[in-house]
Amino acid sequence: MLKRDKAKQLQKLKQESAQFFKSVYKDQEKIMVFGEGNPYASLVLVGEAPGQQEVVQQRPFVGRAGKNLDEFLKILDIKREDIYITNAVKFRPVKIDPDTGRTSNRPPNREEIDLNRTVLYKELAIISPSIVVSLGNIPLRVLTDDNKLTIGQVHGRPLFISIGAKEQNMVLFPLYHPASIIYRPQLKDVYISDLQRLRKHLNKDNN
Ligand code: URA
């Protein structure tokens, strides 16, 4: 498929998804943060859901977790513009503190994950990458269709998956979420060694 065709298909999917979510959420103010990047990428990164900064800029991974991600991409010698980055859920899931009225992030719930699942599968079907890298538990579970799997069990090793109605086969490489390093600095060494394994895997694929 030509590069411009994939770009066009992604644009169409973005518009259709916006309409679909509008019909579901009706008059709730929800801002969609769709995936971005090279539609012809051989590597797609899938995060959990956008945070505050991502909603402001309407781009995935541009806040604090995005800074960690950029650092990791440097280790892999990968440029952001060469890959495609998206999230399992395209909206910021929030909770409001009843006492202070403050809004903060929360993990997406089952309903939100299921509502977004088909959009992610369609995005991946258009791009058809040779490898999908999931960041954290949520995209791992969506892509393996296994709600019990934890990132601690499978990080840093390739898995074979089959997604969507067409059962498209892909290689999934699960990593911890880059934000987990912010909250659990002791994970950094594990993360670096997983990245080195991923780099080896990518080099092997390219030779
Ligand atoms: N965390 C994610 O999982 N995705 C983003 O886009 C930002 C933070």
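Here are the numbers for the structure shown:
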| read-out | value |
| --- | --- |
| Prolate/oblate/rounded label for the stretch 16-117 (Cα gyration tensor, a/c 1.5) | oblate |
| Least to most buried among ASP114, ASP27 (fewest other Cβ within 10 Å first) | ASP27, ASP114 |
| Residues HIS177, HIS155 arranged by fewest to most Cβ contacts within 10 Å | HIS155, HIS177 |
| GNM result for the chain, Cα springs below 10 Å: residue of LEU43, LEU159, LEU172 fluctuating most strongly | LEU159 |
| Members of LYS67/LYS188; LYS6/LYS166; LYS67/LYS148; LYS90/LYS188 lying beyond 24 Å, as alpha-carbon distances in this model show | LYS67/LYS148; LYS90/LYS188 |
| Furthest towards positive pole of dipole, ALA49, ILE96, ILE78, structure part the stretch 24-111, Cβ charges | ILE96 |
| Simple spin-label estimate for ASP70 and ARG157 in nanometres, 7 Å along Cα-Cβ | 3.4 nm |
| Label point distance in nm, THR150-GLN19, each placed 7 Å from Cα along Cα→Cβ | 4.3 nm |
| The stretch 73-118: radius of gyration and largest Cα-Cα distance (Dmax), Å | 15.7, 46 |
| Full-stretch length increase - LYS188, GLU111 - with 0.36 nm per residue and alpha-carbon distance subtracted | 24.6 nm |
| Percent antiparallel among DSSP beta bridges (both partners in the stretch 51-207, rounded to 5) | 60 percent |
| Added length on full extension, which subtracts the Cα-Cα distance from 0.36 nm per residue, LYS79 to THR103 | 5.3 nm |
| Whole-Å distance, taken between Cα centres, linking the stretch 67-114 and the stretch 1-47 | 15 Å |
| The stretch 140-179: C-alpha gyration tensor shape, a/c 1.5 cut-off, then a/b vs b/c | prolate |
| Projected label distance in nm at TYR121 and SER42, using a 7 Å step from Cα toward the beta-carbon | 2.7 nm |
| Reachable aspartates and glutamates, given that their alpha-carbon falls under 20 Å from the alpha-carbon of LYS12 and they are not under 8 places away in the same chain | GLU36, GLU123 |
| Cα gyration tensor category, rounded, prolate or oblate, for the chain with a/c compared to 1.5 | oblate |
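Every read-out reported here was derived from the displayed coordinates using simple, explicitly stated rules and does not represent laboratory data. Keep in mind that what you see is a predicted model, and the values were worked out from it rather than measured. When we count neighbours, we look across all protein chains shown, and the Cβ atoms used for this are built from the backbone with ideal geometry, even at glycine.
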